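Structure first, commentary second.
The values are calculated or read from the model by the stated rules, or taken from the named source; none is laboratory data. These figures come from a predicted structure and were not determined experimentally. Note that we place each Cβ from the backbone using ideal geometry, even for glycine, and neighbour counts take in every protein chain shown.
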Number of protein chains: 2
Amino acid sequence: MTRSKYALGIDYGTESARVLLVDVATGEEVATSVYEYRDGVIDEVLPGTDIRLPPDFALQNPADYIEALRQTVPAVLATAGVSAADVVGIGTDFTACTMLPIDKHGVPLCMKPEWRENPYAWVKLWKHHAAQPEANRLNAIARERGEAFLARYGGKISSEWLIPKIWETLNKAPQVYEAADRFIEAADWIVLQLTGNERRNSCTAGYKAIWNKQSGYPSDDFFAALDPRLRHVVDEKLSRHIYPLGERAGGLTKEMAQLTGLREGTAVAVGNVDAHVSVPAVTVVEPGRMVMIMGTSTCHMVLGTEQHIVEGMCGVVEDGIIPGYFGYEAGQSGVGDIFAWFVDHAVPPEYHEEARRRGLNVHQVLEERAAQQRPGEHGLLALDWWNGNRSILVDVDLSGLLVGATLATRAEDIYRALIEATAFGTRIIMETFEKSGVKVNEVVACGGLPERNKLLMQLYVDITGREFKIAQSKLAGALGAAMFGAVAAGKAAGGYDTIFAAAQKMAHLKDEVYRPNVEHRPVYDQLYAEYVRLYDTFGRGENPVMKTLKRIRAEALGVGGGSAVCP
Amino acid sequence: MTRSKYALGIDYGTESARVLLVDVATGEEVATSVYEYRDGVIDEVLPGTDIRLPPDFALQNPADYIEALRQTVPAVLATAGVSAADVVGIGTDFTACTMLPIDKHGVPLCMKPEWRENPYAWVKLWKHHAAQPEANRLNAIARERGEAFLARYGGKISSEWLIPKIWETLNKAPQVYEAADRFIEAADWIVLQLTGNERRNSCTAGYKAIWNKQSGYPSDDFFAALDPRLRHVVDEKLSRHIYPLGERAGGLTKEMAQLTGLREGTAVAVGNVDAHVSVPAVTVVEPGRMVMIMGTSTCHMVLGTEQHIVEGMCGVVEDGIIPGYFGYEAGQSGVGDIFAWFVDHAVPPEYHEEARRRGLNVHQVLEERAAQQRPGEHGLLALDWWNGNRSILVDVDLSGLLVGATLATRAEDIYRALIEATAFGTRIIMETFEKSGVKVNEVVACGGLPERNKLLMQLYVDITGREFKIAQSKLAGALGAAMFGAVAAGKAAGGYDTIFAAAQKMAHLKDEVYRPNVEHRPVYDQLYAEYVRLYDTFGRGENPVMKTLKRIRAEALGVGGGSAVCP
């Protein structure tokens, strides 16, 4: 009997990094370790200084990314009792667009004494929102020029993405822009650190940097129309070499081998993004099955064999999720965080007391009561736009709406209506995909919500009319990264030659399947029709009251108005 | 120096009767006493029996009305140290339409052993809602026949009013209908008890019994179209003799003098209604000044010199409030009860804890926080239809709507938006009156809310652009009744010859005046325009989602749908 081989997945999240050691043959998760970033999300004061950050800033310290390796990798090897010789490959995934300026040796500018006190020299985290003016101008100019790329991104480039973030640095800190040899996704920077090789991945390039496999980046003329100094930004500050997912970026350097306790030369995969890397980890490597990562927000991913333009999606990228397919991404910007808002700010004391008495949380008390209702019984309907609408309207200035309230309305009624509203929002996304030629036959759900709330799952199933399956792993991101690590190693070295082969062995679903209740479907079809009508009335300009209210609010507060983003 | 003269006002409310002894010369309130009805609102079991009541029933026991006199009148005389000889007049007011069947001696059928166990023999309280099917049919038939009276009542006769309630008894308990010598408003029955004279008052006849000073009741043909057995209902079961407000109904009987400790022959005024009797008590005896009685719901009353048809009002009645004027009534069916719903069902624990800690109530905590906001700052807008819409849409199937919610929305934001929504609703009523030729130059507010919530008053003023004054009396109903009692006595007996003269001496306002803040007006004009647009979209059939939700809810619960009422 041969010894088991292992792959290591490193999942860089917003607050922490999680490392997972996986048996390559079975996908068994044998050890895990978490490192909470010491500097976390930097949004008030620059670490080690008194420098206060402007509003909408969200930075990170790249030293935390390295420290995560030092703390976690030796720990999982020790816990599992696995020898470094049996770890055949390493994969990583990252939040995106999380980007930083580096010098010609790959050193982050913020690690250099002369730049430490300049916020623009640090890592801009995905949720850094200070580049909104640049995004607005970029979108206006792209529309004016009729740039074809806009349609691939639902008509809007988000302020969270790479080009607005670079342009913001040029505008606000031209000396940082000047000093930067390159700007790079953290997803690619960590691979550069591990291997010594810069191998920019097709996922972040496609979804966050307006790159396309066929047509490349936008033209130099387009960049010059933004700002003459940006004309050569791609050649000067980025790279036109983009590598498909699963490819071997290189072998682990000697320094990194020492830091981690792994063997020098261990195969490292090109970088990836947390959401996208989860797709094969939940068994999906073919068209027709949508992956929904359901947490504070929801990310919808589905594969296709052709490039279709789908209204309001976040992006379509060839090889962006699984090599050989077009990866489609859509999203709902508020899901779990709406339910959390509701529990924190709109549920009366008796529910909190009951939860405390019974050792439950408030969500469980609300779920229990709401689950006793028949569809439509609460008499409510909501538009789930508490955090704007990502797909398919791509409009952050939309807001939440609730209709049907009476003096008999109770907290569980509103709670259920909010869940239903997010499910209606998902149904619109699915129907929009299908209308555009991208099939959605069934759904695999992962993330925190499907585990925690059975009522929610059944409502999604009844409302969308699709079967939902649940991923087995609670660490889909890290598992997916490990799978790509195994592919980077290749079959000869004990891994796999393709992500398809890896998925067949390493990815698993739970036995549990949620199936639509046929008796509930007609009522939800009626309610969905009403939802769509409100959606169109308030979301497509017929009654722009939500924008008017935001404008009046901004004027009352003496600040500028909001604006539209597809993060 | 002559001894002071006094008038007694007896205010029959939903849960209790309140008696007030007033100095006729000054309006000084010298003593008061409250009697809580022993049987209260009877909506579950018939008193002294095991008989369970059907849904939507709300009955009262007329014995409570008599017991109230026995308990309270001697008490206020004793407290005040006033001699019965110095009480010149008695006035009463009642909830309406609160009605009962009586025999030819005026004895309520429910007081007779043979009828005690029949619910239809008891007093139907104003909020008895079981006559909705009859109201629906009455409205349909009236519309078909083109009955002119409908326009005087906003296009709909309420299930709470007299004719539907009588018809319900005919349908459900024809033996009670048969045994009843007459049906009578409790307002008139109590006067019958006090004086031995049946003197039906013009206020309940006009607002609740479809009577009109010029044209009388609907035709016998109309009643026959409802049901052939109703053809002669007016002559057989009611009366065509209607008496204007303030008239002397008669002198106190010997029996009632013994019961109350007052003198036999003391002048008693014809009956009146709690809301309407408050108008002169808050100094309003002329056109142009609207009286708003603001509590769980709001009643708007204004006088005019001509009969105009105003959209969605509850009624216009000549001599219905003040003799010589047309009395206009409109209403908002949910005001204070929406705020109470919000506090009970949608405010998180921290606000309740703060209130407890600081010895305040939750409304005060919310008011304090909401008062710090600038107009429009919360970014919300609501339709205040949690309890349907009375004026101007006359539709109980409408429901509440909130738009503009975000993850940053807090309880005080929604609280303020709900108050503003009720103020926008009042502004629509005012503008509808003015458009129809009924002037509303300023407002006098009374009831519980104006006393309790300064923010609410300022928002009403800023939103309507009218000055608001506040009634001095907290017992406007009982004071108004006492004033009409003084008028029934007449000047020669130490009272007054007219309600105008009585109002000049006995009615007072507080010094405090709420004046519009000119800086807030433009923002509220913008928000009002948005409110009107939502009002029209959801209230006038363009998007009937509220009715669809109620229908789906009713189907889910397996019950019949709701229907429209103007109570």
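I'd like to check something: does segment A:276-293 contain any residue that is free of Cβ contacts under 8 Å to residues at least 60 places away in the same chain, surrounded by 23 or more Cβ atoms within 10 Å (Cβ to Cβ) and either touching a Leu at 6+ places or on another chain (Cβ under 8 Å) or closer than 30 Å to A:Arg137 by Cβ (or both)? No, segment A:276-293 has no match at all. Remark: pairs (first residue in segment A:166-177, within 20 Å of A:Asn136 (Cβ to Cβ); second residue of a type in the set (D, E, K, R) and buried (at least 20 other Cβ atoms within 10 Å of the Cβ); Cβ separation under 8 Å; 6+ apart in sequence or on different chains) = A:Trp167/A:Glu134; A:Glu168/A:Glu134; A:Asn171/A:Glu134. The number of residues in segment A:368-386 being more than 16 Å from A:Val403 (Cβ to Cβ), more than 7 Å from chain B (Cβ to nearest Cβ), touching a residue at least 24 places away in the same chain (Cβ under 8 Å) and part of a loop (DSSP other than H, G, I, E, B) comes to 2.
None of A:Gly81, A:Gly40, A:Gly48 is at positive phi and in contact (Cβ under 8 Å) with a residue 40 or more places away in the chain except A:Gly48.
If I filter segment A:252-267 for residues that are under 24 Å from the mean Cα position of the chain (by Cα) and in contact (Cβ under 8 Å) with a residue 24 or more places away in the chain, do I get at least one hit? Please lay out each step first, then the result.
Filtering segment A:252-267 down to residues under 24 Å from the mean Cα position of the chain (by Cα) leaves none.
There is no residue in segment A:252-267 that is under 24 Å from the mean Cα position of the chain (by Cα) and in contact (Cβ under 8 Å) with a residue 24 or more places away in the chain.
Among the residues of segment A:279-293, the ones that are in contact with a strand residue (DSSP E or B) (Cβ under 6 Å, 6 or more places away or on another chain) and not β-branched (Val, Ile, Thr) come to 5 in all. When A:Met313 is tested against the conditions (1) more than 26 Å from B:Arg410 (Cα to Cα); (2) in contact with a Leu (Cβ under 8 Å, 6 or more places away or on another chain); (3) modelled with pLDDT under 95, the lone failure is (2).
The criterion of being surrounded by fewer than 18 Cβ atoms within 10 Å (Cβ to Cβ) and in contact with a Gly (Cβ under 7 Å, 6 or more places away or on another chain) does not hold for A:Arg515.
Residue under question is B:Asp93, and the condition is that it be touching a Phe, Trp or Tyr at 6+ places or on another chain (Cβ under 6 Å) and under 25 Å from B:Glu160 (Cβ atoms); does it hold?
Values: touching a Phe, Trp or Tyr at 6+ places or on another chain (Cβ under 6 Å): no; under 25 Å from B:Glu160 (Cβ atoms): yes.
Judged against the criteria, B:Asp93 is not a match.
Return only the number of the condition from (1) farther than 19 Å from A:Ala224 by Cβ; (2) surrounded by 18 or more Cβ atoms within 10 Å (Cβ to Cβ) that A:Ala151 does not satisfy. It is condition (2) that A:Ala151 fails.
Kindly state which helices (runs of 4 or more DSSP H) lie completely within segment A:457-567 and contain at least 1 residues that are within 14 Å of chain B (Cβ to nearest Cβ) and either within 26 Å of the chain's Cα centre (by Cα) or aliphatic (A, V, I, L, M) (or both). Before you say what the answer is, go through the steps one by one.
Numbers: elements: A:476-489, A:499-506, A:521-539, A:545-557.
Ranges flagged: A:521-539, A:545-557.
Restricting the search to strands (runs of 3 or more DSSP E) fully inside segment A:4-117 and requiring at least 1 residues that are under 23 Å from A:Asp497 (Cα atoms) gives A:6-12, A:16-23, A:29-36, A:87-94. If you go through segment B:31-79 and pick out every residue that is among the acidic types (Asp, Glu) and in contact with a Pro (Cβ under 6 Å, 6 or more places away or on another chain), you end up with 1.
Of the residues examined, B:Ala408 is not one that is part of a helix (DSSP H, G or I) and either facing chain A (nearest Cβ under 10 Å) or among the aliphatic types (A, V, I, L, M) (or both). Consider A:Asn389 carefully, then state whether it is surrounded by fewer than 24 Cβ atoms within 10 Å (Cβ to Cβ) and either closer than 21 Å to B:Val403 by Cβ or touching a helix residue (DSSP H, G or I) at 6+ places or on another chain (Cβ under 7 Å) (or both). It is false that A:Asn389 is surrounded by fewer than 24 Cβ atoms within 10 Å (Cβ to Cβ) and either closer than 21 Å to B:Val403 by Cβ or touching a helix residue (DSSP H, G or I) at 6+ places or on another chain (Cβ under 7 Å) (or both).
Scanning segment A:355-367 for residues that are more than 32 Å from the chain's Cα centre (by Cα) and more than 12 Å from chain B (Cβ to nearest Cβ), which turns out surrounded by the fewest Cβ atoms within 10 Å (Cβ to Cβ)? Please lay out each step first, then the result.
First, pick out the residues of segment A:355-367 that are more than 32 Å from the chain's Cα centre (by Cα): A:356-359.
Retained after the next criterion (residues that are more than 12 Å from chain B (Cβ to nearest Cβ)): A:357-359.
On the way: A:Arg357: 9, A:Arg358: 11, A:Gly359: 7.
Among residues in segment A:355-367 that are more than 32 Å from the chain's Cα centre (by Cα) and more than 12 Å from chain B (Cβ to nearest Cβ), the one surrounded by the fewest Cβ atoms within 10 Å (Cβ to Cβ) is A:Gly359.
Name the single residue that is surrounded by the most Cβ atoms within 10 Å (Cβ to Cβ) among those in segment B:74-111 being of a type in the set (Gly, Ala, Ser) and under 17 Å from B:Gly13 (Cα atoms). Ranking the qualifying residues of segment B:74-111, first place goes to B:Gly91.
Rundown of residues vs (1) more than 14 Å from chain B (Cβ to nearest Cβ); (2) in contact with a Pro (Cβ under 9 Å, 6 or more places away or on another chain), yes/no style:
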| position | (1), (2) |
| --- | --- |
| A:Val316 | yes, no |
| A:Ile321 | yes, yes |
| A:Glu329 | yes, no |
| A:Ile338 | no, no |
| A:Asp344 | no, yes |
| A:Glu353 | no, yes |
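Each row is one residue, and each column tells you yes or no for (1) more than 18 Å from the chain's Cα centre (by Cα); (2) touching a residue at least 12 places away in the same chain (Cβ under 8 Å).
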| site | (1), (2) |
| --- | --- |
| B:Gly304 | yes, yes |
| B:Cys314 | no, yes |
| B:Val317 | no, yes |
| B:Gly324 | yes, no |
| B:Ser333 | no, yes |
| B:Asp337 | no, yes |
| B:Ala340 | yes, yes |
| B:Pro348 | yes, yes |
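Has segment B:480-495 got any residue that is closer than 20 Å to B:Glu377 by Cβ and either in contact (Cβ under 8 Å) with a residue 60 or more places away in the chain or surrounded by 18 or more Cβ atoms within 10 Å (Cβ to Cβ) (or both)? Can you show your working first?
If we filter segment B:480-495 for residues that are closer than 20 Å to B:Glu377 by Cβ, which is where we start, we get none.
No: segment B:480-495 contains no residue that is closer than 20 Å to B:Glu377 by Cβ and either in contact (Cβ under 8 Å) with a residue 60 or more places away in the chain or surrounded by 18 or more Cβ atoms within 10 Å (Cβ to Cβ) (or both).
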